[in-house]
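Asks: I'd like to ask some things about the structure below.
Every number in this text was worked out from the coordinates using simple rules, so none of it is lab data. All figures in this text were calculated on a predicted structure; none of them were measured in a lab. Ideal geometry is used to build each Cβ from the backbone, glycine not excepted, and the neighbour counts take in all protein chains shown.
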Amino acid sequence: MLTLTQKYSLTEYFDREILSETRNEYIDGEINPMTGGTPTHNTLVVNLLSLLHIALPSPYRVFVNDQRLWLPDRRIATYPDVMVMAEPLEYQEGRKDTLVNPILIAEILSPSTASYDRTGKFASYRTISSFKEYLLISQDRKYVEHFYKEGDRWIFTAYENDATISLASFEVAIATSVLYNRINFESEPRE
């Protein structure tokens, strides 16, 4: 039996998204609902947002998971957990609610999204010319995967337990003890 997936135009997606009570990702004509976060996920987003917001000077701005990002080469509209942009902000043509110029993107890993965040999503993000740095933050232990672009290569470093992450794009250091503040791995339910 053949099952057809309905394809939507980008205009149809935006029309639906404006009225939607949930966030949805657009991938080349397909609309996929995005899952909700756990308290651990949200705490990590807030902690990273707070650290970056305080540490980054003007002209940088930090955005969290309600800010849509457009990846034109892949025809993807998505909502990264945390993004850092330089001003002036650059918008998708004809829109004032969808950005296109992230320097840093961070995703909080969950069992259902970790594989996609590491592979397909990372490959898609790399099509953005301004994108230079990627953080993948584990929810179930102190563990951060850090990728940064040096020339044409991506350099990888893993940080476990108590460590300091030195961002390559900004003079900012993130202590994992602060990033994971208020998270108790033994008592928090898993996704």
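Asks: Straight-line reach from Lys121: which lysines fall under 21 Å, measuring Cα to Cα and dropping same-chain residues less than 8 apart?
Replies: Lys7, Lys132, Lys149
Asks: A further question follows. What is the sum of charges around Val178, taking Lys and Arg as +1, Asp and Glu as -1, for the other residues whose C-beta is under 12 Å from the C-beta of Val178?
Replies: On the way: positive: Lys142, Arg182; negative: Asp162.
Net local charge, Val178 excluded: +1.
Asks: Can you tell me what percent of all Cα-Cα pairs in the chain are more than 21 Å apart?
Replies: Values: 9390 of 18145 pairs.
Here the tail beyond 21 Å accounts for 52 percent of pairs.
Asks: Also, quick follow-up: Using 0.36 nm per residue, how much length does the chain from Glu160 to Leu89 gain when fully extended, once their Cα-Cα distance is taken away?
Replies: Working: separation 71, 0.36 × 71 = 25.56 nm, distance 3.35 nm.
The span from Glu160 to Leu89 would gain 22.2 nm if fully extended.
Asks: Then there is this: For region 1-109, just the Cα set please: Rg and Dmax, both in angstrom.
Replies: Cα-based Rg and Dmax for region 1-109 come out at 15.2, 57 Å.
Asks: Once the other residues with Cβ under 9 Å from the Cβ of Ile31 are scored (Lys, Arg +1; Asp, Glu -1), what is the net sum?
Replies: Overall, the nearby charge balance is -3.
Asks: Between His41, His53, His146, which gets the highest mean-square fluctuation from a Gaussian network model of the chain, Cα cutoff 10 Å?
Replies: In this elastic network of the chain, the residue with the biggest mean-square fluctuation among His41, His53, His146 is His53.
Asks: Taking loop as defined by DSSP and a crowding limit of 11 other beta carbons within 10 Å, which GluC sites (Glu not before Pro) in region 1-109 fit?
Replies: On the way: sites: Glu12, Glu17, Glu21, Glu25, Glu30, Glu90, Glu93, Glu107; in loops: Glu21, Glu90, Glu93.
Those that pass, being in a loop and sparsely packed, are Glu21, Glu93.
Asks: Across region 55-64, in residue order, what do the Karplus-derived ³J(HN,Hα) couplings come to in whole Hz, using 6.51 cos²θ - 1.76 cosθ + 1.60 with θ = phi - 60° and x for Gly and Pro?
Replies: 7, 7, x, 4, x, 9, 10, 10, 10, 10
Asks: Right, here's the next one. When the chain is treated as a GNM, springs tying every alpha-carbon pair under 10 Å, which of Ile108, Ile137, Ile165 comes out with the largest mean-square fluctuation?
Replies: Top of the fluctuation ranking is Ile165.
Asks: Calculate for the chain the 222 nm mean residue ellipticity that helices alone would give, adding -39,500 (n - 2.57) per DSSP H run of length 4 or more and normalising by residue count, nearest 500 deg cm²/dmol.
Replies: Working: 5 runs with 42 residues, N = 191.
Using -39500 (n - 2.57) per qualifying helix, the result is -6000 deg cm²/dmol.
Asks: Modelled label-to-label distance, Lys7 and Asn32, 7 Å Cα→beta-carbon offset: nm?
Replies: Computed distance between label sites Lys7 and Asn32 equals 1.8 nm.
Asks: Let me ask another. Which of Tyr180, Tyr60, Tyr134 moves most in a GNM of the chain, Cα contacts under 10 Å?
Replies: Per the Cα network of the chain with a 10 Å cutoff, Tyr60 tops the list.
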